[in-house]
Amino acid sequence: MAKKELKIEDMSIHQDAMAMLAKAKADGVETAWDRLQQQTPHCNFGEGGVCCRNCVMGPCRISKKGPLGVCGANEDVIVARNFGRFVAGGAAGHSDHGRDCIEALEAVVEGKTDDYSLKDPDKLVRVAAELGIKTDGRDVMDVGRELVELFFADFGSRRKEVSFVCRVPERRRELWKRLGIMPRGVDREIAEMMHRTHMGCDNDAPNTMLHAARTCLADGWGGSMIATEISDMLFGTPSPNPSKVNLGVLKEDHVNILVHGHNPIVSEIILEAVNNPELVALARKQGAEGINLAGLCCTGNELMMRQGIPMAGNHLMTELAIVTGAVELIIVDYQCIMPSLVQVGNCYHTRIVTTADKAKFTGAEHYKFTMQNAREQAEKLVRLAIELYTKRNPDRVEIPAEPVDIMTGFSNEAVLQALGGSLTPLIDAIKAGKIRGVVGIVGCNNPKFKHDYCNVTLARELIKKDILVLVTGCVTTALGKVGLLMPDAKSEAGAGLQEVCGALGVPPVLHVGSCVDNARILQLCALIANELGVDISDLPVGASSPEWYSEKAAAIGTYAVASGIYTHLGLPPNITGSKVVTDIALSGLDELVGACFVVEPDPVKAAELLDARIQQKREALGIG
Ligand code: XCC
Ligand code: SF4
């Protein structure tokens with residue numbers, strides 16, 4: 001059956017995306033949208049999660065004809081196991097990124113690198129003290145060494161709980177203990193998930209789902225939180241600063257370098273290299289006006305939050321950025337980098353360079369980055385980009401938009417500072433109903449949705465209802481491109497939120513960082529709950545991932561729910577083949593952890609659901 005061709009105006013809400021989709025077509029470049037067409041319709045067994053490949057008596061798939069796998073596993077067991085492994089993959093991604101950050105910090109405090117330093121030693125001391133390390137009168141590097149040991153231990157098996165559980169409200173900690181889901185060690189929970197889901201081990205779907213929650217808590221309050229806190233120590237704790245978004249941040253007369261992935265360790269040193277006067281002079285000599293660095297996805301978020309480096313695009317814009325014909329080099333670290341970038345790059349003069357041994361791409365050149373060679377490698381890559389600039393074909397260049405201004409950098413430290421040092425003004429605004437609640441909109445793009453339509457519509461609907469929006473990951477770029485990350489966007493907010501934003505000079509949507517920085521939202525919820533003497537599940541807050549695609553997003557959603565935050569998803573994970581597992585996700589968890597998932601593709605309806613939940617929580621708190 002011939003598929004009907006997708007119309008470009010149905011593929012994205014953004015003008016820059018539509019222009020590049022048209023150019024991709026003209027240039028004969030295939031994109032994720034084309035490949036989704038080829039993959040549709042998807043396999044029903046896979047979509048429902050009832051296909052099991054956990055041993056070679058199978059693969060088994062559950063149907064009326066064969067209701068049990070060869071071993072006797074039913075759809076509930078299979079779906080729960082698949083979901084458990086799915087979120088373990090996501091937790092592993094964030095947490096291994098966290099581990100890389102510990103190793104980076106280790107190199108710095110051990111004096112084993114000349115290329116990196118501590119940009120925020122005060123934060124190191126503050127976090128160490130919070131975790132019970134003696135800091136008085138001690139050398140920062142000394143404190144740092146002890147902190148490194150403590151973080152490494154959080155990954156192992158000897159702990160009863162990961163360190164940052166000290167931030168969790170008392171009642172929630174008791175609940176986790178009672179349910180047996182206290183996260184003990186990051187690697188331990190992930191490995192145990194793999195163990196439990198081996199054939200013939202955990203064959204009780206609810207029990208597997210509980211361990212899935214524990215595994216994700218080890219991500220949120222462990223791996224991700226460690227990644228965020230160390231990145232602040234090494235590269236600076238973000239504070240409000242201006243930046244720009246969309247493909248218009250590429251410059252026709254400059255050497256354009258994009259960084260893509262998640263971990264800021266490589267991109268921060270690339271930033272130093274593009275500012276090297278010698279290399280700028282070399283770029284000029286080759287006919288460029290200068291060297292322009294911009295970000296993609298979460299590495300982009302990391303650089304934008306801390307350094308104000310502009311953001312070229314989110315997940316579905318990564319191929320389209322190359323289609324501009326103006327990108328010399330994309331330097332990637334890991335996660336969310338489509339392997340197709342290599343092929344798209346081959347259609348232009350664009351080269352893709354990998355930097356981490358755990359993320360090589362066939363067809364891309366590999367420049368291994370270590371804590372010792374980073375600056376040298378970064379300079380080599382900038383030279384490579386300058387050389388590639390001379391190969392650019394100006395006739396094929398089209399930069400399709402003017403960049404949009406945004407305000408970024410709202411770490412919890414910055415929020416507290418904007419509030420005058422205490423949470424009281426925020427809590428008062430919530431009590432008075434000026435801010436009715438807070439929702440974190442996080443996560444990705446997925447070509448199953450019109451690109452960024454759900455992300456943007458949900459945010460607009462929520463701020464109208466006086467709900468403050470916190471944003472991370474790829475949703476940031478979506479909202480930034482339509483102007484929601486500027487203080488002026490308060491005109492789109494309800495009267496109460498408008499008043500608060502006006503008084504503080506902040507946007508109604510606050511950019512709090514990358515995907516691992518969802519840990520900042522956990523911490524903020526915990527701070528507010530502790531201040532009020534309640535549990536996180538009592539707060540008028542919610543989370544949403546309207547256009548998610550990744551294992552990591554599912555892990556984030558699961559730790560949000562297990563932390564007590566009602567969480568909306570635009571499409572379900574592959575669990576619908578089991579009624580037991582679906583019921584646990586959509587209601588059973590509410591009884592256990594005081595929060596659950598809700599699945600709703602329509603962002604207007606999703607806003608109503610989040611609003612209703614927030615109202616219910618407000619009434620229960622006596623501030624309705
Ligand atoms: Fe990846 Fe973090 Fe999703 Fe964007 S948002 S597509 S996970 S880069 Ni986390
Ligand atoms: Fe089939 Fe059971 Fe093996 Fe899964 S574990 S493939 S259901 S026999």
Revision key, fill the gap. Check: C-alpha center the range 395-467 vs C-alpha center the range 24-43, spacing in Å is 31
Practice item. Indicate the gyration tensor shape class of the chain (rounded, prolate or oblate), computed on the Cα atoms with a ≥ b ≥ c the square roots of the eigenvalues: a/c under 1.5 is rounded; otherwise a/b larger than b/c is prolate and the rest oblate. Key: rounded
Exercise for review: Multiply the residue separation of Gln616 and Gln39 by 0.36 nm, subtract the distance between their alpha-carbon atoms, and state the gained length in nm to one decimal.
Suggested key: 203.6 nm
Revision key, fill the gap. The distance between the Cα centres of the range 205-220 and the range 519-581, in whole Å, is 13
**Study point:** Candidate aspartates and glutamates for bridging to Lys65, where Cα separation is under 20 Å - those fewer than 8 sequence places away on the same chain excluded
**Key:** Glu47, Glu75, Asp76
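Between Glu174 and Asn276, what FRET efficiency follows from the Cβ-Cβ distance if R0 is 56 Å, with the result rounded to 0.05? Intermediate results must be reported in sequence, preceding the final value.
On the way: r = 54 Å, r/R0 = 0.96.
It comes out at approximately 0.55.
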Review point. Which part of the range 28-56 falls in the paramagnetic zone of Ser63, meaning amide N under 17 Å from the point 7 Å along Cα-to-beta-carbon?
Key: 41-53
Revision key, fill the gap. The base-10 log of I(q)/I(0) that the Debye equation returns for the range 28-136 at q = 0.12, 0.20, 0.24 Å⁻¹, one scatterer per C-alpha, is -0.72, -1.10, -1.27
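Which of rounded, prolate, oblate describes the range 321-474, given a ≥ b ≥ c as roots of the alpha-carbon gyration tensor eigenvalues and a/c under 1.5 marking rounded, otherwise prolate only if a/b is larger than b/c?
Values: a/c = 2.60, a/b = 1.89, b/c = 1.38.
Note, shape of the range 321-474 comes out prolate.
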Check your understanding: Tell me, what is the percent relative contact order of the range 89-228, built from C-alpha pairs under 8 Å that lie six or more residues apart?
Key -> 34
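Calculate for the chain the 222 nm mean residue ellipticity that helices alone would give, adding -39,500 (n - 2.57) per DSSP H run of length 4 or more and normalising by residue count, nearest 500 deg cm²/dmol.
Working: 26 runs with 294 residues, N = 624.
About -14500 deg cm²/dmol.
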Exercise for review: Using the charge dipole of the chain (Lys, Arg: +1 at Cβ; Asp, Glu: -1 at Cβ; taken about the Cα centre), state which of Val439, Cys596, Ile62 has its Cα farthest towards the positive end.
Suggested key: Ile62
Check your understanding: So how strong a dipole does the range 572-624 carry about its Cα centre when Lys and Arg Cβ are +1 and Asp and Glu Cβ are -1, to the nearest 20 debye?
Key -> 80
**Study point:** Calculated SAXS-style log₁₀ I(q)/I(0) at q = 0.09, 0.11, 0.14, 0.17 Å⁻¹ - the range 241-396, Debye, Cα scatterers
**Key:** -0.23, -0.35, -0.59, -0.91
Check your understanding: Counting alpha carbon pairs within less than 8 Å and at least 6 residues apart, what relative contact order, in whole percent, applies to the chain?
Key -> 17
Practice item. State the three equivalent ellipsoid semi-axes of the range 75-235, derived from the C-alpha gyration tensor as the square roots of 5 times its eigenvalues, in descending order and whole Å. Key: 33, 17, 11
Point to revise | Total charge dipole magnitude, the range 373-451, about the Cα centre, Cβ charges on Lys, Arg, Asp, Glu only, Debye to nearest 20 | key: 340
Check your understanding: If one computes the Cα centroid of the range 67-82 and of the range 302-366, what distance in Å separates the two points?
Key -> 39
Study note, to complete from the structure: Karplus ³J(HN,Hα) for the range 239-250 (6.51 cos²θ - 1.76 cosθ + 1.60, θ = phi - 60°; Hz, whole; x = Gly/Pro) runs 9, x, 8, x, 8, 9, 9, 4, 5, x, 6, 6
**Study point:** Cut-off under 5 Å, modelled amide H: who pairs with Gly236 long-range
**Key:** Lys119, Asp120
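Only the coordinates and a few stated rules stand behind these numbers; no lab work does. Since the model is a prediction, treat every value here as computed from it, not as a measurement. Methodologically, a virtual Cβ is constructed for each residue, glycine included, from the backbone with ideal geometry; neighbour enumeration extends over all protein chains shown.
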